[in-house]
1. Residues that are open to solvent by 10 Å² or more (accessible area, probe 1.4 Å), closer than 22 Å to ARG120 by Cα, touching a strand residue (DSSP E or B) at 6+ places or on another chain (Cβ under 9 Å) and not hydrophobic (A, V, I, L, M, F, W, C): does region 33-41 have at least one?
2. When you check ARG122 against the structure, is it surrounded by 14 or more Cβ atoms within 10 Å (Cβ to Cβ) and either at negative phi or of a type outside the set (Val, Ile, Thr) (or both), yes or no?
3. Pull out all pairs, ordered by first then second residue, where Cβ-Cβ is under 9 Å, the residues are six or more apart or on different chains, the first lies in region 49-72 and is open to solvent by 90 Å² or more (accessible area, probe 1.4 Å), and the second is in a strand (DSSP E or B) and charged (D, E, K, R).
4. Any residue that is part of a strand (DSSP E or B) and farther than 22 Å from TRP75 by Cβ - is there at least one of those in region 116-135?
5. Condition (residue is farther than 21 Å from ALA24 by Cβ and either surrounded by 10 or more Cβ atoms within 10 Å (Cβ to Cβ) or free of Cβ contacts under 8 Å to residues at least 24 places away in the same chain (or both)) applied to region 87-101: is it met by at least one residue?
6. Just a yes or no: is a residue in region 77-84 of a type in the set (S, T, N, Q) and either touching a helix residue (DSSP H, G or I) at 6+ places or on another chain (Cβ under 6 Å) or in a loop (DSSP other than H, G, I, E, B) (or both)?
7. Which of (1) among the small types (Gly, Ala, Ser); (2) open to solvent by less than 30 Å² (accessible area, probe 1.4 Å); (3) within 16 Å of ILE27 (Cβ to Cβ) does GLY111 not meet, given it meets every other one?
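The values are calculated or read from the model by the stated rules, or taken from the named source; none is laboratory data. Predicted model only: the values in this text are computed from it and were never measured. Here the Cβ is made from the backbone with ideal geometry for all residues, glycine too, and neighbour counts use every protein chain on show. The protein model used for the area step is the full one, side chains on, heavy atoms only, and it has no ligands, DNA or RNA in it. Shrake-Rupley method; radii C 1.70, N 1.55, O 1.52, S 1.80 Å.
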Amino acid sequence: MRILKRFLWIWPILLVLVPATGLADRIEGRLNGLACASRGEVCPTDKDDPHVLLERDFVIQTEDGKIFYITNMDWNTKLRYVLRKVRVVGKFSERSSAIAADEFWVKHADGYRLEWSLERAREKQRRAQQLRRQQEQGLDQWQRR
């Protein structure tokens, strides 16, 4: 017990020096078009506004007006949830004001729901590659006949 008390002072130092693994950053805000967000506006006024298709990218705009890019999500997925309140969990880059998303949550009436995750996207890509290989093998067998 005496030994434990003697080295008790080291725990706070270890907590500071050892990086926190498994902890992710989180950003919450509204998904908005990049051009509109750059001007500090929330637009389009409606999800079906045709000008939304001209947006180069969609970003998270926080209540204080800050803009954050989501670097690893495709444009179509972002388009689906434009103007919605979202929460993105992932690795944040302070330098580029961007987040590499691990999870993308969208606010619904009953709270936030997970709508996209990096793990799901990778699994979908693996299944598509596997299906492509199977189709190629089937085509090869058919051509040999």
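1. To start, the set of residues in region 33-41 that are open to solvent by 10 Å² or more (accessible area, probe 1.4 Å) comprises 34-35, 38-41.
Still in the running and closer than 22 Å to ARG120 by Cα: none.
Among the residues of region 33-41, not one is open to solvent by 10 Å² or more (accessible area, probe 1.4 Å), closer than 22 Å to ARG120 by Cα, touching a strand residue (DSSP E or B) at 6+ places or on another chain (Cβ under 9 Å) and not hydrophobic (A, V, I, L, M, F, W, C), which makes the answer no.
2. In short, no.
3. Filtered contacts from region 49-72: GLU63/GLU28; GLU63/ARG30.
4. Scanning region 116-135 turns up no residue that is part of a strand (DSSP E or B) and farther than 22 Å from TRP75 by Cβ.
5. Residues of region 87-101 that are farther than 21 Å from ALA24 by Cβ, as a first pass: none.
Checked region 87-101: no residue is farther than 21 Å from ALA24 by Cβ and either surrounded by 10 or more Cβ atoms within 10 Å (Cβ to Cβ) or free of Cβ contacts under 8 Å to residues at least 24 places away in the same chain (or both).
6. No, region 77-84 has no match at all.
7. (3)
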